[in-house]
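Data block below; observations after.
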Amino acid sequence: MSEPTITLTDAPDAELRSAVESGLVAYNESQTTRRDVRPLAIAVRDPDTGTVVGGLLGRTSLGLFFLDLFYLPETLRGRGIGSRVLRLAEDEAIRRGCRVATLVTITFQAPEFYARHGWEEFGRIESAPGIARIFFRKTLVA
């Protein structure tokens with residue numbers, strides 16, 4: 001077999017995403033005999049227009065809930081909406097058999113929010129002066 005061509009991109013196309021995702025899922029399944037990777041998403045919509053204004057994106061796999069992205073506009077913060085969205089995601093992860101959750105946030109985002117909801121910091125990496133990525137985990141209990 002000849003050497004493969006290797007390219008760097010900042011715009012991965014559907015073919016690349018599919019090859020990496022399906023390859024990794026197949027490998028994981030061969031090692032665990034489980035195929036349970038599922039997206040988990042919650043949309044927050046404007047009540048008048050139905051337009052998505054924020055929400056949560058994550059996934060569940062092999063008993064772990066990955067909270068990947070969570071955003072609410074400032075106008076919706078401090079009203080309990082974020083807490084409701086987070087609890088909904090955690091409850092769904094529990095229904096899917098997850099017992100542990102993980103996420104990464106940034107010092108200027110919402111680490112205090114996650115800590116108030118029972119998430120525990122387990123690591124921190126400074127990525128720029130005064131800015132750090134913070135790693136959180138949570139044991140999920142029904």
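Summary table below
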item: Residues of the stretch 39-65 classified as within 15 Å of residue 25 (Cα to Cα) and not β-branched (Val, Ile, Thr), total; result: 6
item: Matching residues, the stretch 111-132, being out of contact with any strand residue (DSSP E or B) (no Cβ under 6 Å at 6 or more places or on another chain), among the aliphatic types (A, V, I, L, M) and not in a helix (DSSP H, G or I); result: 128, 131
item: Failed item, numbered, when residue 105 is tested on (1) in contact with a Ser or Thr (Cβ under 6 Å, 6 or more places away or on another chain); (2) modelled with pLDDT of 95 or more; result: (1)
item: Test: residue in the stretch 60-67 that is within 20 Å of the chain's Cα centre (by Cα), within 20 Å of residue 116 (Cβ to Cβ) and either modelled with pLDDT under 90 or of a type outside the set (A, V, I, L, M) (or both); result: yes
item: Pair list, Cβ under 8 Å, 6 or more apart: the stretch 93-110 residue assigned to a loop (DSSP other than H, G, I, E, B), other residue surrounded by fewer than 14 Cβ atoms within 10 Å (Cβ to Cβ); result: 96/38; 99/139; 107/130; 107/131; 108/131
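The values are calculated or read from the model by the stated rules, or taken from the named source; none is laboratory data. Since the structure is predicted, the reported quantities are computational estimates derived from the model, not experimental observations. A quick note on method: Cβ atoms are made from the backbone with ideal geometry, for glycine too, and the neighbour counts reach across all protein chains shown.
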